[in-house]
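Please treat every number below as a calculation from the coordinates, not as lab data. Please read all numbers here as calculations on a predicted model, not as lab measurements. Quick reminder, even Gly has a Cβ in these numbers, built from the backbone with ideal geometry, and neighbours come from all protein chains shown.
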Amino acid sequence: MCVAKNQTTHARYVNLFKRHYTRLAAVNKPSRPINTTRLLTAVLAAIASAATGADVSYYGVLKSIQFLQTNPAAAPVNVPSNGYAFTSLAVASTNNVLTNATVKAGSAAAVALAPTTNNTYWIYSQFFNSQPALDSAFPVGSTFSQTPYQMTLSTVHDGVHTAALNFFVIFTALTYPQAPQITNLAAAAAIDTTADFTVGWKPLSSGTIPLVEFSIMDLASNVWFTSPAPLSTGALGISSTSIVIPAYTLPPATKLIGHLTVGNAAIPDTSDYSGATGVAAVASDTEFPLNTRAAPAVPLLSVPTWTGGRPLVHLSGETNRIYQILTSTNASTWTNLFTTNCAAGAFSFTDTPPVGPLRLYRAKVGQ
């Protein structure tokens, strides 16, 4: 049965994600794509104070756990290898003003962050197969013996700055959010790219400074869709349970990877390096598959017969597609007659055209 309905349908961070994800993820890349580096970048950018002329804009450390959900009826499971990660990041305010960056966990030896093109982004990542292995190499500490994470940043104009971060909010250690779980994974296996698609998930667990990010990429790590950066205008929140992917956003006939990442951040550090902002955070990331349908076939529209002087219009198309039926009297200006979501893929309707010598019809796929 076809049901007719009335016809109706912080951005700079989207470009940031697209521009920097590929090169950031390439450093010590895990066995599966992961977007926690991008999350840390977004978190730092979102909470950083306005630019003050410092050579470094923001810096931080992140501990993360990655999960995988492939069963619509089951909760996500831990990724079997490289599912636990430590990441440290420093971002310069412009090219070539940050000349060296290191991070040091407690009394352990300092490790160097690696620069990207033009020395703007500096990153260190290490991946582990278990939580104990991650915590052994990068411990949190205890309430009265918190492990400091010392970042040393060498710059052209500001000299050398040392900043200390930890995974606590005063005396309370940051806790990992519960693994996000997608609720309509079965529907995501055959997405119609010509229509809006809503991805839903179970309620998320809260935190001190909760952060939520959603993204979709292809198997080559090209980002096709991402939510606004955490804490920015229009960003997802801890109470969010869905997001709408607008029609014509995703490529047709493509295997895609979705990520829903939930983070919990400590209070930002703005005192150790004037003009720069640092933060420590923990995050849980669920990866899940999506698939898009092939591009729609061209629908066939015909007027096989007339009934009482009224045209019986017939459309042959594909199942479960949205079709718009448009009319015109001059083949130049078209008006929507109605929009239908037709499960059968074919339908007929009898029109009552106004008085006039000409009545044209055409069908359009999608919204």
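When shorter helices are ignored and each DSSP H run of at least 4 residues is given -39500 (n - 2.57), the per-residue value for the chain at 222 nm works out to -2500 deg cm²/dmol.
Using a cut-off of 14 Å between alpha-carbon atoms, which aspartates and glutamates can reach K63, once sequence neighbours fewer than 8 places away in the same chain are excluded? K63 reaches D135, D285.
Order of D158, D285, D192 from fewest to most other C-beta atoms within 10 Å?
Numbers: D158 19, D285 27, D192 22.
Ranked by crowding around the Cβ, least crowded first: D158, D192, D285.
Quick check: net charge around G309, other residues with Cβ under 15 Å of its Cβ, Lys/Arg +1 and Asp/Glu -1?
Numbers: positive: R310, R359; negative: D351.
Combined, the nearby Lys, Arg, Asp and Glu give +1.
Panel order for Y58, Y273, Y149, by other beta carbons found within 10 Å of each beta carbon, from fewest to most: Y273, Y149, Y58.
Which order do the peptides 321-327, 195-201 come out in when sorted by mean C-beta neighbours inside 10 angstrom, highest first? Working shown, then result.
On the way: 321-327: 20.1, 195-201: 17.6.
With the highest mean Cβ count within 10 Å placed first, the list reads 321-327, 195-201.
Exposure proxy ranking for K104, K202, based on other Cβ atoms within 10 angstrom of each Cβ and starting from the fewest, stands as K202, K104.
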